[in-house]
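Each reported figure results from applying straightforward, stated rules to the coordinates on display, with no laboratory input. Because the structure is a prediction, the values reported are computed rather than measured. Heads up, the Cβs are rebuilt from the backbone with ideal geometry, glycines too, and the neighbour counts pull from every protein chain shown.
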Amino acid sequence: MHRKTVLKNGVRIVSERLPHLRSVSLGIWVNTGSRDEAPFENGVSHFIEHMSFKGTRNRSAFQIAKDLDAIGGLSNAFTGKETTCFYGRVLDRHFPLLADILSDIFVHPTFQPEDMEREREVIFQEISMVEDTPDDYLHMLFQGLFWPDHPIGRPVLGSAETVARMDREMVRGYIRKFYVPERVLVVAAGNVDHEQMVEYFRPVFEAESDFSGDNPPRSLPLNSGGVLVRQKALEQVHLCLGSEAPSQVDESRFACALMNTILGGNMSSRLFQEIRENRGMAYSVYSFFSPYADAGLFGVYAATDARNMNAVLEITQNEIRKLGRGQLTEDDLAAAKENAIGGMYLAAESADSQMMRAAKNEFIFGRQVDYEEVVASIERVSVDHVVEMVNRVFGVDQVAFTALGPVNEEDLDQDCLVYH
């Protein structure tokens, strides 16, 4: 059962009681991420996430780790384009201590200069790791090409240049601006009592005077097309082709999600079967749908020998064209729907997934969306809806393409990027 309490300063507390579990998953979220950063701040949200574990007014970094280990707790944090989350999972009897640790991390980090210098080096290594991982680096390049003049297109980690300039004043300034009560959400799922949860967190957040700031509005990202070929000494060329897709609040997102499943979302998908199974041209090939609050991106990724680059792109376009011309049966669509519904219900058996789903629903819709409502939306999608979505996504001029590997732009057959 979902319950929600809004504190007098605007902080929201949401719980999903699952009494059959012995564990509780708890997350403290803030509705800010890399898309809210100015160019010179790129990576500061992620830097804050790292630094929050490096010591608080009440605990050293070692004490944080020791306290969690002593109760068998699992904890972590992540920063995305639009949200930052500090979370953990423990046995239900240890929930009060987990709540104390996470709220301490979130509310009272000290950001000591010497700790910042050490963690800066860690993040430099993280950035280097991404640049050494071709598929991760390709997606970073692709988003920068697709959203060239908006922070949503910049990397969550920032760059070596921006991270090098970050100091305590910048970090504190960003927190004052965005870590405001109406952006803060506390969510728990598992064997948890809502009233006890509110009783603990109310004084923590209502007494915290630092949680007030500017809360500037977000700007709308505008996508762009284009071609970017980055030469790099790799064994394969990594490719990404994509275009604009529905946002998280667009009703047509369900048609787009099913299109993704059919085109390249699983092992029976058309791209996987044609490019990998039938032709042996790639080990990794898939499509993806990345919806955000007010924008979306649909893309296709593949890694192949450089000599196969144009062939893989032509096969991809052929499969997209088939869908766009209506070569899709009711059985195909029914299988995709069952895949989506089954995946959703299987994820519901995890407290972590329930916690994250509750947070997403609260941020996006301001309410909890029942599974039955989602199933009904999926079931309403018709073959015509999927066909329309294919033509909406790929029948535009703003298609973006990125390649990384042992190729030059002259090696690319531009006709392979055109949907017609």
ask   = For the range 193-320, what log10 I(q)/I(0) values come out of the Debye formula at q = 0.12, 0.20 1/Å, with one point per alpha carbon and no solvent?
value = -0.63, -1.14
request  = Pick out, from SER353, LEU333, VAL285, the residue whose Cα sits farthest towards the positive end of the charge dipole of the range 226-417, with +1 on the Cβ of Lys and Arg and -1 on the Cβ of Asp and Glu.
outcome  = VAL285
Helix axis angle, 383-394 relative to the chain longest principal axis, alpha carbon, degrees = 90 degrees
inquiry  = Can you tell me how the range 1-64 classifies by the Cα gyration tensor, rounded, prolate or oblate, using a/c under 1.5 as the rounded cut?
reply    = oblate
message = Can you tell me what share of the DSSP beta bridges in the range 2-206 is antiparallel? A percent to the nearest 5 is fine.
response = 80 percent
note = Of all DSSP beta bridges having both residues in the chain, the percent classed as antiparallel (nearest 5) is 80 percent
ask   = Just how many % of Cα pairs in the range 226-417 lie over 29 Å apart, if you round to the nearest whole percent?
value = 27 percent
ask   = What Kirkwood hydrodynamic radius do you get for the range 76-158 when you take the inverse of the mean 1/r over all pairs of distinct Cα atoms, in Å?
value = 15.5 Å
ask   = With point charges of +1 on the Cβ of Lys and Arg and -1 on the Cβ of Asp and Glu, referenced to the Cα centre of the chain, which listed residue (LEU323, PRO155, ALA400) lies farthest in the positive direction of the dipole?
value = PRO155
query = What angle do you read, to the nearest 10 degrees and between 0 and 90, between the alpha-carbon axis of helix 168-178 and the longest principal axis of the chain?
reply = 80 degrees
ask   = Against the longest principal axis of the chain, how steep is helix 194-206, in degrees 0 to 90 to the nearest 10, with axes from Cα atoms?
value = 80 degrees
inquiry  = If you take every residue apart from VAL163 with its C-beta less than 10 Å away from the C-beta of VAL163, what net charge results, scoring Lys and Arg +1 and Asp and Glu -1?
reply    = -2
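Apply the Kirkwood formula to the chain: the hydrodynamic radius equals the inverse of the mean of 1/r over all pairs of different alpha-carbon atoms; give it in Å with one decimal.
Numbers: mean 1/r = 0.0434 Å⁻¹.
Evaluated over the chain, this radius sits at 23.1 Å.
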query = Quick one: Kirkwood hydrodynamic radius for the range 2-206, alpha-carbon pairs, angstrom, one decimal?
reply = 17.9 Å
